[in-house]
Amino acid sequence: MYHFTALVTCLAILFYFFTTIQVSKARAKFGIKVPAISGNPDFERVFRVQMNTLEWMPIFLPSLWLFAIYLSDPFAAVLGLVWIAGRFLYLTGYSEAANKRGRGFAIQASAAMILWLGALGAILWRLVHG
């Protein structure tokens with residue numbers, strides 16, 4: 001079973017839900033009516049955190065699960081927690097200023113790439129070596 005990866009998946013979904021709530025709050029705070037997605041730079045940064053998280057989830061989640069299945073559930077979960085921590089740093093940095101998002105982005109991108117490369121490597125290894 002993949003209990004650790006399942007828990008981290010739930011945490012990642014919770015984080016995404018949190019970003020959705022942040023966008024709703026920012027809409028009210030800055031007077032941005034649906035369906036508008038621009039008009040206030042502070043709102044736009046909050047919106048981009050949510051959208052960037054959504055853009056990365058199709059890369060992160062399959063990589064997380066393939067890594068867990070082919071390599072290690074606990075190690076996948078640790079890397080998943082690193083991804084979430086990177087997303088949180090991205091959120092806090094980007095909420096202050098656009099140029100403060102880089103460290104969080106680099107951390108989450110690195111975690112996602114390690115998960116993907118690890119999964120790909122393990123899959124290819126098994127294909128070649130049976």
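The values are calculated or read from the model by the stated rules, or taken from the named source; none is laboratory data. On a predicted model such as this, the values are computed, not experimentally measured, just so you know. Note that we place each Cβ from the backbone using ideal geometry, even for glycine, and neighbour counts take in every protein chain shown.
For the range 27-130, the helices (runs of 4 or more DSSP H) that sit wholly inside it and include 2 or more residues that are modelled with pLDDT of 95 or more and more than 20 Å from the chain's Cα centre (by Cα) are 41-70, 102-129. Of all residues in the range 17-35, exactly one satisfies the criterion of being aliphatic (A, V, I, L, M), out of contact with any helix residue (DSSP H, G or I) (no Cβ under 7 Å at 6 or more places or on another chain) and closer than 11 Å to residue 46 by Cβ, namely 21.
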